[in-house]
Each structure stands twice: as structure tokens, then as C-alpha cells.
1. Could you check the spin-label model distance between residue A:112 and residue A:166? Points 7 Å from the Cα along Cα→Cβ, value in nm.
2. Between rounded, prolate and oblate, where does the stretch B:160-216 land on the alpha carbon gyration tensor, with a ≥ b ≥ c its root eigenvalues, rounded for a/c under 1.5, else prolate if a/b exceeds b/c?
3. Which order do the peptides B:459-471, B:30-42 come out in when sorted by mean C-beta neighbours inside 10 angstrom, highest first?
4. For the peptides B:109-116, A:52-59, what is the packing order when you average, over each peptide's residues, the other Cβ atoms within 10 Å and list the highest mean first?
5. What is the gain in length, in nm to one decimal, between residue B:442 and residue B:412 on full extension, counting 0.36 nm per residue of separation less the C-alpha to C-alpha distance?
6. So if I restrict to the alpha-carbon atoms in the protein assembly as shown, what is the Rg, and what is Dmax, the biggest pairwise distance, in Å?
7. Between the stretch B:358-403 and the stretch B:285-356, what is the separation of their alpha carbon centroids in Å?
8. Summarise the partner chain shielding of A:69-76 as one whole number: the mean count of Cβ atoms from other chains within 10 Å of each residue's Cβ.
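Computed from the coordinates by the stated procedures, all read-outs in this text should not be read as laboratory data. Owing to the predicted nature of the structure, the values given are computational and were not obtained by experimental measurement. As a convention, Cβ positions derive from the backbone with ideal geometry for all residues, glycine included, and neighbour counts pool all protein chains shown.
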């Protein structure tokens, strides 16, 4: 979905002083309100990076598609049942948000453009656990996946750093703050038997702050 | 500097195993003290508060306990069903916004306990058995269980506002029905007659005979008439005809003989303080060993106690019975090395001398071999072959048909020994701490052994009712191997301890306002 959008944007003829297409690299910090996330990451945050592309469909309104993805993990130490020694394993998640939504750009200053974004999200998470490399023998590895729908709403500001091609191309930096929420990510392991076995759930919603570098043309 | 930080950040994001922290969890994910039944291996997940059944081919599932957490598990008398002591949190505050255990005010939170009976991975019955009723005696048919508090057991848990220390409970395995009965202070030993109609329950200074079908006390025997004297039974056996109960008393050299037909108590003065009693149904003889006396007695006539006494070189404290023979050893002393075979038919005594003291002993199914793990006699290797062996764990194999005994040195402490009999050949399967192999010792030629590779160091081994063996490994995420001794094949299932890792600690069975 992203590649055709970029290709279309590169082939299209720009309107005079109007930018129809946009592409941006993003990096975010998202707060995690689920206390169980503290088992995954030292801080209650998730830091993904990604890409957003869009096309203007009416004056000021663009349809955007994009994704962001990030990893987090911990080394977990557990006592043996007799309490005599300690054993460890690695735990890591890869959390990816795919988004499809709309972004409205408000008219304000020439170089400063406020934005409002609303998007549907599809979240995909992979949860991996692997016994510590310090353990002898064949390590146990597990991998569980989860999908959940959600939404994102945010507002931000774009600042145009430079113009090119008679102001038909803008190079922007921007930030956006808002709230994202996915339904619970339910990690199932049905492949391990006829009856469903659940590792549990994570609720990865929370406020976010996104920085972006991109262009509109 | 900034470039370095940026580089490290990017590296962390790209790493397959980002490590933001080292986190210590309070509880283990699973307990390797598993129970193997014919339908799979059951394991407790303490952190998640769940019970899982693990099978071959990397399959497992959690057993539904209606929100309760397992405290301890054991197999029933027939090794067919699982009995699980469980408890669940109750929050007295009915506010609907209280969903998780942590939401409940501390003074409104308490725990209820019950016993779940599980078959084929499903809870089939539930009984109102408190968690402290952890001692169990099974009637011969396995369908009736007498529960009592065993405060010497590791699984001993006490909760609840009131505990009646005089109480035992009958549990019907088919229905889960329970019935409490007051029998005397701290009941600690229970014997069932062969037909299962009577149960002899021994408490402090008091013995009762219970009629099992009616769950009523049929006979009572005070062991003393002086309330200031405490008489605690330490060992007991029924005579082969179920008429007499013989009871050894802690710290006393008297043997109490209770006649269950003509209600009476006789006392037999023994030569020392008995450490163990065992009755061989084949010969109808009762064996008595002593704590600190190099002697073993055999009661050959129970109506009027007639004993035969045999002198030994060293005291033997423990008895293992085979068909028509008793094997004796000392599990208490550090400098005893004898395994004694007492043939209860011919009354011949054979002495086998091991290199180190015996730790545990088992007999092969055909009764031909006694296999003993040997514990180190000293902490330090004082040199020479003797010092080398004396400071290490070992395995002894005594051929009970001959006078031969072989003592082997083990690399580390054994975590389990199981015996396999295949036709005429017997093997001991030995697992050792930290060793990723299972050693198969040919009991006919103990020097000949083979090794099978294990995926990781073992923690426990158990015989399966289906003829195989299950090995629980020292693995934080859960790992169990299934060994087929007929071809030496090993299948391993792993990762089951992650079940419920991210589960919410919800209040179960909750009625809100």
C-alpha cells in the first residue's frame, strides 16, 4: 500500500503553490497505560519509528497511510521453586501500528501549519521469550502473536524548513501529540493443543508524541 | 558524545533482544514437582496461579479451576486422577468497580480453599477441603480418601480463621462429597484394612477405628490414662489378618498392640526405640528396626507376640519390603554402610557393604536388585581412592540373589533414580544435577552404562503409568521430556510456563452489588 502511494506521488504533476502529496519519516514516544508493560520495558513508554504517506483529496484534507514499529525487551530473572538459585530468560516485543486515516491542515502561517489527524489502526504484536544464553542445554523459545484494531487522534504543527521548485515542494519538520488506543492484544497459543492457551493480554494504548521529517509536493 | 548515544539507541532498537532492564520476579513461572498421569503431566504455574497439563508433541493446555490457584497437587490412589488443593481470593466489598485482586481493600480480602479433582484435564468434582488437610490415606479401592493435617509436609499450608486440629475428613473421589470427623488431637497416621471397611486413625495418645461405610467411630483406644503424658505414634502396621495394630511410639521402646476384634491393648517391651515397622503380607511377618541399635526383630506370631531377633553390624533404621524379603539400611547415620537383606521365608540375613552411606534405596520390580543412592561421607576429599569416593555421591547396586554389591561414583548429586525392567534385563535410569544426560545402568553389570542426551539439566524424573518416564528440566520457561525406555527416544515439550504470563489477576466467582 505504501509503495504505490509513493510511486504515484513521484509521478504526479504538482499544482502551482499547492502540495498534493506528502511523505514523512516519523519517530514517536508513546505512553503505555497498561501496568503489565513494565515487565517488557523499564519505562512505561514505547518508542517506534515509521513512515507516513498521504494524498490530498480536498482542500486541506489528506488521506494518510503509514506504519510505525518498535521493539522493547527485558531480561527476566525468576527464582527456582526451592528458592536456591535464579534462572533467567529474555523477553521482547515488537509492536507495529498500521494506520489509515485523514489529516486536516489548518490555514495559519505560511511556514507554520497546524494539523489534526484521525486514523484507524491495526496493531500487530509479537511476543518472544527465550531462555537466557547462560542456561545450559537447548533453550526454550516461545513466540506468540496478537492483532487488535484501534484508533489514533492527534494534533500538531508542521514547520517548513525550506522550499524548492518555486515553492511547489516543502521540506517540513513537525510534531504531533495525541492519544492512541488499541483493543487488548490477546496473545494466544492455540498451536499448542486442541484447547486455547493464553499467555495473556496487553493493552498498548496511551498518549503519544511524534516527531517527523518529511516533504509535501 | 551525542553521536555515540544516537548510535547506541539505534543499536538497541535494532537488537533482536533489546534489554531495557533486568527484572527480578518474585515467583517461579512453574514448579518441576510435576505429577505424571496417563493423560499427561500436570504442573503448577505459581506466578500465573494456573495448572497446566503438558503432553507430547509440544502440546499443553491450562486446566480450568474456576479462577482458583493451585497450591499443591498429587495423584489419587489409583494414579488415575489429579487432586489439587486450590484457593481463590474473595473480596467482601461488593463495589462493581473492584475487578482485580489489587483493587480490593486489604481488610476485605481473604482466601477460600477447596480441593479440585481433575480427570483428563477437566475438573470433574470440587470438595470443601481446607488447604491444611494435606495428608492423605487412600482406601484400597482408591475411591475413599481420609484427609488429615500433615504438618511435616512441604505442602503444608494453613489459612482460614479456625482450624480444628482434631479433625479428619472423608472424601468420596467419585462425587467429591466430604465428611468431617473428630478423632483426637493431631491425627497423623492412618491405616486401612485390606477390605477397606475400617480405618485406624492414630492421634496423640489416642487411636480410633472408624467404620468407613458409615463414617462413624467404631472403637476408641486411649494410649494413656494420664492426660499429662503425650504419646505420639511414630510408625504403625496392621497384622496380615487385619486384627492387630502395632504402633511404635516416639522416644519409647514399647510396642503397642491393639486388638481390633477383642478390644484390648497389649504392650510389648522392645530392646530399643523402634525407627520403622513393616509388614510383609506374603509371609505375614512384621519387621522392626531400631534407631540406635544394631538389631532387627521379626514378629512371627502376632496373637501372642513372638519375636525373632537378629544382630547386625550396624544399626538399620529403614525398611523396604519386597516379596518375602525385607531390605534394611540406615538413612540417619553418616558412618553406616550396610544394606541388609532379610529373607522372611528362610530368615537368612545377608549383609552388603557399600562404600558410602545409603541415601535412598529402591528394589527392582522382580526383587532381584537393591539400588541405592549413596551420599558423601565427608565434605572434603582427603586423598586416595577412599577419599575420592567418600567425598562424592554414588550409586550402589546389590544383587540380592548373590552377595555381590557394586558402588559407583557419580559426577554429582542424583536428582532421581527409576528402574526399568525389560524382559530379563533391568536398568536403572539415573539423573544427576547439572548433567545433560540420563545414565542407563545395566543392573546385571553396573559398570556397563550408556548415556542418552537430554535437552537441558534435569530436576525430577517420574515413572508414567503408561510405562514411560517424564523428566522435568531446570528451565525457567518450562521444559518436560518424555522418555520411551523401549527405544530410548526422547520427546520434549517446552514453553508451557508462559501460560498466563500477562494475565490480569481478576477476582473470580464475584457477585457485585
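1. 3.0
2. Values: a/c = 2.31, a/b = 1.13, b/c = 2.04.
The shape class here is oblate.
3. B:30-42, B:459-471
4. Details: B:109-116: 18.9, A:52-59: 16.8.
Taking the mean over residues of other Cβ atoms within 10 Å, the ranking is B:109-116, A:52-59.
5. Details: separation 30, 0.36 × 30 = 10.80 nm, distance 1.94 nm.
Extra length available between residue B:442 and residue B:412 comes to 8.9 nm.
6. 34.5, 121
7. 18
8. Working: counts 1, 2, 8, 6, 8, 7, 7, 9.
Across A:69-76, the average partner-chain Cβ count within 10 Å equals 6.
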